[in-house]
1. Quick one: which of Ala162, Ala145 is of a type in the set (Gly, Ala, Ser), crowded, with 17+ Cβ neighbours inside 10 Å, modelled with pLDDT under 90 and part of a helix (DSSP H, G or I)?
2. For residues in the stretch 79-102 being among the aliphatic types (A, V, I, L, M) and open to solvent by 60 Å² or more (accessible area, probe 1.4 Å), which is farthest from the chain's Cα centre (by Cα)?
Amino acid sequence: MRQHLRPESGTPLPAVPFAPAVSDPADVEREAGLARLFELHYSSMLRLAVLLGADDPENVVAEAYYQIYRKWRRLREAEAAEAYLRSTVCNLTRMRIRHLQVARKHVEKPAEDLVASAESTALLRDDQRVLIDALQQLPARQREALVLRHWLGLKESEIASAMGISAGSVKTHTARGLAALTQAMEARR
């Protein structure tokens, strides 16, 4: 256990039994960088997970932050952390949706309606629900391409990097998704 001195008297403070010893400057930098990343981007990453169709967006985003925490030292630039985080949220959401699709195929009775979390419900206003429902009907790649392009405003090269596909595929998915979304929205009017 570590002992700390009180600055005004020089007497030792009681030992902190479970406080981690952060003596490595790289660990201090990682902790500070991750805290900044969390403050700046948690809400947008949560919204991204919701828009991509995650049934548990809070857990997806938490897992993404955990993964970036583990790989922080391997980041080439701290500025790349946001793009890595965004890509991780996309990948985790995609994997979670695939997992649920496989799991639902093997369930004998139909799954009950999913209940959205209070945080997810608060993020989506009623006038957005129609759009979200139409987005959910799109294939996953088209939905991802549209959300990354039109909600986050990413460039084709950034979308390609986040989705792990070519820029040409991004154009195709975006065009097809936009056409399908337009058709679905017009059909509901």
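The values are calculated or read from the model by the stated rules, or taken from the named source; none is laboratory data. Not measured: the values here are computed from a predicted model. FYI the Cβ positions are ideal-geometry reconstructions off the backbone, even for glycines, and counts take in every protein chain you see. We work out accessible area using only protein heavy atoms, side chains counted, and drop any ligands, DNA or RNA first. Shrake-Rupley method; radii C 1.70, N 1.55, O 1.52, S 1.80 Å.
1. Numbers: Ala145 fails: modelled with pLDDT under 90.
Going through Ala162, Ala145 in turn, the sole match is Ala162.
2. Initially, the stretch 79-102 is screened for residues among the aliphatic types (A, V, I, L, M), giving 80-81, 83, 85, 89, 92, 95, 97, 100, 102.
Restricting the remaining residues to those that are open to solvent by 60 Å² or more (accessible area, probe 1.4 Å) gives 95, 102.
Working: Met95: 12, Val102: 22 Å.
Within the stretch 79-102, the match that is farthest from the chain's Cα centre (by Cα) is Val102.
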